[in-house]
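Asker: Handing you a structure now.
The values are calculated or read from the model by the stated rules, or taken from the named source; none is laboratory data. This one's a predicted model, so the numbers in the text were calculated from it and none came from an experiment. A quick note on method: Cβ atoms are made from the backbone with ideal geometry, for glycine too, and the neighbour counts reach across all protein chains shown. These area figures cover heavy atoms from the full protein model, side chains too; ligands, DNA and RNA do not enter into them. Shrake-Rupley method; radii C 1.70, N 1.55, O 1.52, S 1.80 Å.
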Amino acid sequence: MARKSNNEAMVINTVIGAGTEFVGDLITKDTTKIDGTIRGNIQSEGIIIIGTNGHVEGNINAAEVRIAGMIKGDMTAENRIEILSSAHIEGNI
């Protein structure tokens, strides 16, 4: 489980696991973690977490984005975008 703050645990509702490839646009309202590959755009009212092995080829628009993996596309976030040292981004923020 990921951490939301020092005192709260974040609930991850959807996981795209390692070894999984999703082709098409993903629309979600909840927290989603991506450890596999998505080839398409992502729209979320929640948090999008790109794990260290996660790959996204498409644009992301979410309330919050946390990146440890690779993204080829543009990102917009209502609240914040967190980029970890392992992240590789080719696109606009």
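Asker: Considering only residues that are among the β-branched types (Val, Ile, Thr) and more than 19 Å from residue 81 (Cα to Cα), look in the range 16-27 and name the one that is least open to solvent (accessible area, probe 1.4 Å).
Answerer: Of everything passing the filter in the range 16-27, 16 is least open to solvent (accessible area, probe 1.4 Å).
Asker: Follow-up. When you check residue 12 against the structure, is it surrounded by 14 or more Cβ atoms within 10 Å (Cβ to Cβ), touching a Ser or Thr at 6+ places or on another chain (Cβ under 6 Å) and part of a loop (DSSP other than H, G, I, E, B), yes or no?
Answerer: Criteria met by residue 12.
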